[in-house]
Amino acid sequence: MSASGGSKAIIAAFLANVGIAIAKFAAWAISGSSSMLAEGVHSLADSGNQLLLLLGNKRAQQPADAAHPFGYGRVRYVYAFVVAIVLFSVGGVFSIYEGIAKIREPHMLEMWWLPLAVLVIAIVLESFSLRTAVRESRPLKGRRSWGRFIKESKAPELPVVLLEDFAALVGLTIAFFGVGLTVLTGNGLFDGIATVVIGVLLIVVAFVVGIEVKSLLVGEGASDEDVAKIEAALVDSKDVGRVIHMKTLYLSPDEFMVGAKIDVNPLATMSEVSVIVNLAERRVRRAVPAAKVIYLEPDIYLDPNADTPSTSSIVMLSSD
């Protein structure tokens, strides 16, 4: 599911947004509603975002080469970050600009029933899109809350689609009330206010997406649960005394690297150390399959509080 980047949810969202965008632009052209224009741009931006996510997922599958020895998995984070920028610039800023213009020069809507009908249809379609994203996300979410899932997920596509669909539903509801109040009161000011609120909503969502993806771009380590499993697997042998030091780093949403120093018997031969390391790597991969790149450095643990090194340590050091 993670390897596919939630492609089913992305495609469902893309198809829904393309259809919705066409209907919204048609309703705007006929009625003159700025909320419909803002929502049309929003759906158009979302459609482009879903194409970017699919493109990023495809490019991430390129095999590793000399220039990128760990592969191209992290390119998915780059495309997800571009999505946040598109949401901010195309969706949010444009909506606020259009809304302010409508507030300054409000006017009544023509064929007021058309934008309301389009908004109702769009709400239904976006609900199906969100339902698909939720269904695709549940196996990965587990027992975590939705907030924790979005924050902790290493695959950016599903959280991005979830946030986009949620923002789309909220934006559609805001637009519906804005157009409805304009029709009931005869004052186009409400349509402009709704447009500005939609723009602010999009900027907030873009900000959240940007923060989460930025953390992945900088480099995140494995979860505490996976770290505990790795440590337990490493010391699950009488040949490994303890884990002296360990770091992890996600190379893509589906795999991470493990680098660790492990305490081994200082009297072990090189052949024995090689077997110890290989068996330790095998235990780690069995316990946490996502730990696909493992570098283990055999070492000797020296108690930092001890006045002098242990006898076994002195033997090893003198042999160096």
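The values are calculated or read from the model by the stated rules, or taken from the named source; none is laboratory data. Please read these numbers as outputs of a predicted model, since none were measured by experiment. Neighbour counts run over all protein chains shown; Cβ positions are idealised from the backbone, glycine included.
Descriptive notes on the structure:
- Taken together, 95, 145 contain a single residue that is touching a residue at least 12 places away in the same chain (Cβ under 8 Å) and polar (S, T, N, Q), which is 95.
- Screening the candidates 59, 76 for the property of being of a type in the set (D, E, K, R) and loosely packed, with under 15 Cβ neighbours inside 10 Å yields one hit, 59.
- Taking the criterion of being of a type outside the set (A, V, I, L, M, F, W, C) and at pLDDT 85 or above, the residues of region 116-136 that qualify are 127, 131, 135.
- Residue in region 19-36 that is farthest from residue 195 (Cα to Cα), counting only those that are out of contact with any Leu (no Cβ under 6 Å at 6 or more places or on another chain) and surrounded by fewer than 16 Cβ atoms within 10 Å (Cβ to Cβ): 19
- When every residue of region 51-64 is checked against the conditions, at least one turns out to be over 18 Å from residue 129 (Cα atoms), touching a strand residue (DSSP E or B) at 6+ places or on another chain (Cβ under 9 Å), touching a residue at least 12 places away in the same chain (Cβ under 8 Å) and assigned by TED's automatic domain parsing to the domain that holds residue 154.
- Among the residues listed as 40, 71, the single one being touching a strand residue (DSSP E or B) at 6+ places or on another chain (Cβ under 7 Å) and surrounded by 15 or more Cβ atoms within 10 Å (Cβ to Cβ): 71
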